[in-house]
Amino acid sequence: MRKFETEVQKINHEVTREITRLFIKGKFKDQINDLPHLIIKGNKARHRCCVYKERAVITERIRLAMGIEPTTGDQHSRLGDDYKHSSNNLEGPIVQVIDVACDECPINRFTVTEACRGCVAHKCMEACPKGAISFIGRQAYINQKLCIECGKCKNVCPYNAISDVMRPCRGVCPVSAVSISEDRKATIDYEKCISCGACVNACPFGAITSKSSLINVLEELTSGKNITAIIAPAFAGQFGAKVSPAQIKNALKKLGFSEVYEVAAGADLVAYNEAMEFIEKTKDNEADFMMSSCCPAFVNLVRKNYPELVANLSTIVSPMVALGRKLKNDCPDKKVVFIGPCIAKKEEIIDEELAGSIDHVLTFEEICAMLEGAEINPQDCEDSEEENASELGRCFARSGGVTQAIVNTVKELNAELDIKPVICNGIDECIKALKALKAGKFEGNFIEGMACQEGCVGGPAVLVRPNKARVLVDKYGKSAKTDTIENAKKLQNDFKVHRNYK
């Protein structure tokens with residue numbers, strides 16, 4: 001049984017588990033409309049004002065599990081009808097706000113507290129560029145209609161009497177994609193959103209989440225189709241310290257996947273080809289620097305906010321796409337499902353440049369609940385496997401892993417090049433490096449951009465804390481039989497590992 005850090009995680013787990021349970025029993029179509037009542041039983045609310053609102057939120061989560069957008073305002077439809085008309089393919093945008101779940105947090109960011117002394121200096125009033133502050137009865141007052149939330153009043157107040165209450169979803173968004181509508185609901189500007197998932201984890205009410213391919217995958221698994229799972233390098237230790245990577249793979253086979261591969265094998269391919277690209281671009285001074293392209297949220301950040309730097313992104317696809325293309329090149333009819341810690345991967349597979357490489361994406365959270373719904377305990381599964389990835393490929397999952405693989409591969413290829421890597425651990429460091437690049441003040445010639453702290457092991461859908469997961473990933477990497485990327489040459493085939501950015 002998984003341990004949950006928040007009730008939001010627990011609720012999401014329950015929804016996925018119960019959907020899986022009904023599918024396994026062949027009762028999903030008949031009981032889909034009853035599912036909210038099966039999850040929220042009785043007449044006593046667990047967390048919200050009433051059970052009716054809780055069931056309404058569960059209904060929206062089920063819609064998202066179908067890969068469709070939640071309803072808003074006065075929209076009403078039965079789950080059974082939605083299921084009949086749901087698509088087999090995930091469509092964007094991926095990150096969604098559940099309207100009924102949003103708590104409409106206070107949107108007045110800056111307010112004057114009782115600590116205000118009504119001082120003579122009136123520094124707050126003088127600092128305000130919009131004249132939003134006045135004094136009434138020797139107390140400062142902020143006219144919220146005029147306030148532009150610049151924070152200058154708070155910065156100059158000698159008593160720290162002005163509070164700053166930023167909505168969690170807005171506060172964590174690195175690209176200011178989250179805003180507040182007139183009805184106090186959170187909204188997402190998809191022209192800015194990079195699908196990093198920071199707002200998903202930040203919302204205390206679980207009102208922001210992502211669409212899922214859960215039901216599409218369950219339909220294919222229960223129909224007996226030949227479906228292959230590829231699992232992200234970050235999977236080591238995610239299902240418990242006592243569960244080996246081999247047991248996780250065998251648990252997935254027991255769930256219905258015909259084959260299970262490590263995406264670390266795709267990482268080997270990427271490291272080899274990205275190192276080759278780096279050598280080619282820098283040896284003749286074609287480019288001063290190159291940036292990694294493994295993290296889709298980082299790629300989105302560059303494409304949407306620093307388009308002038310897109311030419312310096314590596315043209316090599318991500319490890320997920322590389323392995324998906326390899327498998328489909330060998331067997332075009334194969335269905336491939338990626339399992340990992342990332343929400344941005346759900347958007348990556350619907351990118352028109354990459355479409356067809358991967359059929360579906362599931363998160364570690366989703367697959368954990370699916371296993372429980374199918375009554376499969378990985379710890380009870382066989383502990384044996386075939387080796388199919390190197391140490392360097394497996395370590396792609398943590399911050400610095402991509403750099404380590406690229407540097408080692410450049411050396412392995414005997415290139416006499418001076419590679420000066422800069423590891424950007426988390427979105428803030430990525431933005432800092434990109435600003436330095438734009439200003440011509442960047443020192444280095446290779447950037448590893450990872451949107452999540454600690455790398456993929458810190459993704460929005462992990463099951464284990466990043467500091468612990470990093471150790472487990474390194475340990476699993478060291479168990480590999482090879483520590484070179486030379487193995488990637490054996491995987492090379494007549495398929496494309498490059499992309500053209502649009």
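Values quoted throughout were computed directly from the atomic coordinates according to the rules given, and no laboratory measurement underlies them. None of the values given here were measured: they were computed from a predicted structure. As a convention, Cβ positions derive from the backbone with ideal geometry for all residues, glycine included, and neighbour counts pool all protein chains shown.
So how much slack lies between ASN160 and LYS254, counting 0.36 nm per residue of separation and subtracting their Cα-Cα distance, in nm?
Result: 27.9 nm gained on full extension.
Per-residue counts of other Cβ atoms within 10 Å, averaged by peptide: what ranking do you get for 421-428, 207-214, highest first? List each step's numbers first, then the result.
Working: 421-428: 19.4, 207-214: 24.5.
So the order, starting with the most tightly packed, is 207-214, 421-428.
From a point 7 Å beyond the Cα of TYR501 in the direction of its Cβ, which residues of the stretch 270-291 have a backbone N at a distance under 11 Å?
290-291
Would you please classify the overall shape of the stretch 411-484 from the alpha carbon gyration tensor, given that a ≥ b ≥ c denote the square roots of the eigenvalues, rounded means a/c under 1.5, and beyond that prolate means a/b larger than b/c while oblate covers the rest?
Details: a/c = 4.01, a/b = 1.20, b/c = 3.35.
Cα axes put the stretch 411-484 in the oblate bin.
Using 0.36 nm per residue of separation minus the Cα-Cα distance, give me the extension gain between CYS49 and GLU149 in nm, one decimal.
Result: 32.9 nm gained on full extension.
Hey, which of these cross-link pairs are over 32 Å Cα-Cα: LYS334/LYS435; LYS411/LYS496; LYS281/LYS346?
LYS334/LYS435
If neighbour count is taken as other Cβ atoms inside 10 Å, put LYS254, LYS154 in order from fewest to most.
By the 10 Å Cβ count, ascending: LYS254, LYS154.
Find which of ASN408, ALA374, ILE343 sits farthest along the positive direction of the dipole of the stretch 333-437, computed with +1 on the beta-carbon of Lys and Arg, -1 on that of Asp and Glu, about the Cα centre.
Final value for the positive-end residue is ASN408.
Of ILE215, GLY426, ALA202, which is farthest on the positive side of the dipole of the chain, counting Cα position, with +1 on Lys and Arg Cβ, -1 on Asp and Glu Cβ, and the Cα centre as origin?
Farthest towards the positive pole: ALA202.
List, in order, the whole-Hz ³J(HN,Hα) value for each residue of the stretch 455-469 obtained from phi through the Karplus relation with A = 6.51, B = -1.76, C = 1.60 and θ = phi - 60°; use x for Gly and Pro.
Karplus-based 3J(HN,Hα) across the stretch 455-469 equals x, 5, 5, x, x, x, 10, 7, 9, 10, 4, x, 5, 6, 5 Hz.
Kindly provide the helix-only [θ] at 222 nm of the chain, computed as the sum of -39,500 (n - 2.57) over DSSP H runs of four or more divided by all residues, to the nearest 500 deg cm²/dmol?
So the helix-based figure for the chain works out to -11000 deg cm²/dmol.
Straight-line reach from LYS185: which aspartates and glutamates have a Cα under 14 Å away, not including same-chain ones fewer than 8 places off?
Those aspartates and glutamates meeting the cut-off are ASP99, ASP103, GLU104.
PHE446's amide H: which non-local residues (gap 5+, or another chain) put their own amide H closer than 5 Å, with H modeled 1.01 Å from N in plane and none for Pro or chain starts?
Hits under the 5 Å cutoff: MET290, LYS420, VAL422.
When Lys and Arg each count +1 and Asp and Glu each count -1, what net charge do the other residues less than 12 Å away from PRO466, Cβ to Cβ, add up to?
So the surrounding residues net to +3.
Based on DSSP, what percent of beta bridges with both residues in the chain are antiparallel, to the nearest 5?
Here the antiparallel bridges make up roughly 40 percent for the chain.
Using amide H atoms built 1.01 Å from N in the peptide plane, name the residues 5+ places from ALA140, or on other chains, whose amide H lies under 5 Å from its own.
GLY118
How would the chain be classified by its alpha-carbon gyration tensor: rounded, prolate or oblate, with rounded meaning a/c under 1.5 and the a/b versus b/c comparison settling the rest?
oblate
Taking amide H positions as placed 1.01 Å from N in the peptide plane, with prolines and chain starts having none, which residues 5 or more places from SER210, or on another chain, fall under 5 Å of its amide H?
Amide H neighbours of SER210, under 5 Å, 5+ apart: GLN96.
How far apart, in nm, are two points set 7 Å out from the Cα along the Cα-to-Cβ line at GLU280 and at PHE135?
Modelled inter-label distance: 6.9 nm.
Under 1.5 on a/c is rounded, so check that first for the stretch 110-166, then, if it is not, pick prolate when a/b is larger than b/c and oblate when it is not; a ≥ b ≥ c are the square roots of the alpha carbon gyration tensor eigenvalues.
In terms of gyration-tensor shape, rounded.
Given charges of +1 on the Cβ of Lys and Arg and -1 on the Cβ of Asp and Glu, with all other atoms neutral, how large is the dipole of the chain about its Cα centre, in debye to the nearest 20?
So the magnitude is around 1580 debye.
Please arrange PHE4, PHE110, PHE396, PHE298 by how many other C-beta atoms lie within 10 Å of their C-beta, fewest to most. It would help to have the intermediate numbers written out before the result.
Values: PHE4 13, PHE110 23, PHE396 32, PHE298 26.
Lowest count first: PHE4, PHE110, PHE298, PHE396.
List the lysines whose Cα lies under 16 Å from the Cα of LYS29, skipping any in the same chain that are fewer than 8 positions away.
LYS84
Mind checking which aspartates and glutamates have their Cα closer than 14 Å to the Cα of LYS130? Skip sequence neighbours fewer than 8 apart in that chain.
GLU149
Which listed residue (CYS105, ILE136, PRO174) has the Cα farthest towards the positive end of the charge dipole for the stretch 103-198, taking +1 on Lys and Arg C-beta and -1 on Asp and Glu C-beta about the Cα centre?
ILE136
Treat each spin label as a single point 7 Å out from the Cα along the C-beta direction, and report the LYS304 to ALA287 distance in nm.
2.2
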